[in-house]
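Just so you know, all these numbers are worked out from the coordinates, no wet-lab data involved. For clarity, every value in this text was computed on a predicted model and none was experimentally measured. Here the Cβ positions follow ideal geometry from the backbone for every residue, glycine too, while neighbour counts run over all protein chains shown.
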Amino acid sequence: MARKRTPPPADLTYKSAGVDITANDRMVEKIRHALRRTYDPRVLSRHGAFAGLMRIDYSEALLRRNFREPILVSGADGVGSKLLVGMEHGRVRDLGIDLVAMNVNDVLTTGAEPLFFLDYVACHRLDPDEIAEIVTGISEGCTRARCALLGGETAELPDLYRKGHFDLAGFCVGVVDRPRIIDGPKLVEPGDVVLGLASSGLHSNGYALARKALARFPKSARLPVELGEPLVDAVLRPTRIYVKSILAVLQKYRRKRVIRAMAHITGGGLEGNIPRVIPRDCDVALKRGSWPIPPIFQLVQSAGVDEAEMYRVFNMGIGYVVIVRPLFANSVMHLLTKQGEKVYRIGVIRRGGGRLVWR
């Protein structure tokens, strides 16, 4: 006769497996206001819905964009190993700003106005206060970028992430009228002027190298470069968001093709990003010394990084590049300066082979 098998005790729960649903509920309540503060009249969503809803244009005549052929523009990005620095120092709010910046600045290069943003947070164990800090930063970034934080996802994955670790991903959708799309390879011409907008520092790229370099300096040692602020502040300074300034220029020159191309200077630095937006029969010629190199880059280089490698990896003080018709270079610089940007005339477009060259 077969022996009767005793069933295992019914003691397994989602919480004992590492996922706390009640913590997620507390977190959702904490971030409700952070989402709503980014909404404008185009947002149709209600909190708790399965998906976010948003009109492409305003219904109010005063605000209406009157798109002839609206084109949606999308982007997705993360923050990379800058997250590790934020985790180590318990400073996570500004990482949310970084996440928004990495996405909206990319979408902006097409001439698009960011519409909405979605975030994805994956972690070992859900800490409602920590997630609320991150989402507050994301909300602040969306406010600066004038886009709605329409929704997101938080995943508690204890079997996938180490204790205390998390990852961030963001997704942005913008809109541009088809006749106003900025497509550099089709628009840039020899003689066009290259303007560089100052970065706030390292932004969100090159941290694998920066962390290794800066680890060579003992914590108690005097740094060989004067930063004017604590090292951790310089390293964690959030990525600059250029949306407000660039949209002001695009609005002023709505009927003129003044801006020929734009580039967000991320991984690969100037050399890896500007050639992406110029024709194959043109070079971008940059002038060395035409803008100041911030101290944080000087410090990283002093730890034993070759200058050529620095320019291959980091933004070196230029976070965003605008290529403009030469006749309008001064007026665009003036307008960007009025918007609070530090702007430098850093180069020119000339005949060539699709490369970046130095002069």
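For the reader, a short list of remarks on this structure follows.
- A cut-off of 5 Å between modelled amide H atoms, ignoring neighbours fewer than 5 places along the same chain, links residue 318 with 199.
- Among the trypsin sites (Lys or Arg not before Pro) within the stretch 251-314, those in coil by DSSP and having at most 15 neighbouring Cβ atoms inside 10 Å are 254, 255, 256, 257, 280, 287, 288.
- Computed FRET value (nearest 0.05) for residue 30 with residue 351, which takes r as the C-beta separation and R₀ as 41 Å: 0.15
- Candidate values [x] 40, 28, 17; [y] 30, 26, 16; [z] 26, 24, 22, label of the one derived for semi-axes √(5λ) of the Cα gyration tensor in Å: [x]
- Among the chymotrypsin sites (Phe, Trp or Tyr not before Pro) within the stretch 122-193, those in coil by DSSP and having at most 16 neighbouring Cβ atoms inside 10 Å are 161.
- Neighbour counting of Cβ atoms within 10 Å sorts the residues 67, 297, fewest neighbours leading, into 67, 297.
- Between the beta carbons of residue 308 and residue 56, assuming R0 = 56 Å, the FRET efficiency works out to 0.80 to the nearest 0.05.
- Net dipole in debye of the chain [+1 Lys, Arg Cβ; -1 Asp, Glu Cβ; about Cα centre; nearest 20]: 940
- Among 188, 231, 311 - extreme Cα towards positive end, dipole of the stretch 184-358, charges at beta-carbon: 188
- Length gained on full extension, residue 223 to residue 252: 6.0 nm, using 0.36 nm per residue less the C-alpha separation.
- Under the combined filter of DSSP loop state and at most 16 neighbouring Cβ atoms within 10 Å, the stretch 1-57 retains these trypsin sites (Lys or Arg not before Pro): 3, 4, 5, 15, 37, 46, 55.
- Think of it as helices only: each DSSP H run of n ≥ 4 in the chain is worth -39500 (n - 2.57), and spread over all residues that comes to -9500 deg cm²/dmol at 222 nm.
- In this structure the amide hydrogen of residue 54, modeled in the peptide plane, comes within under 5 Å of the amide hydrogens of 44, none closer than 5 places in sequence on its chain.
- Computed magnitude of the charge dipole of the stretch 175-329 (debye, nearest 20; Cβ of K, R +1, Cβ of D, E -1): 620
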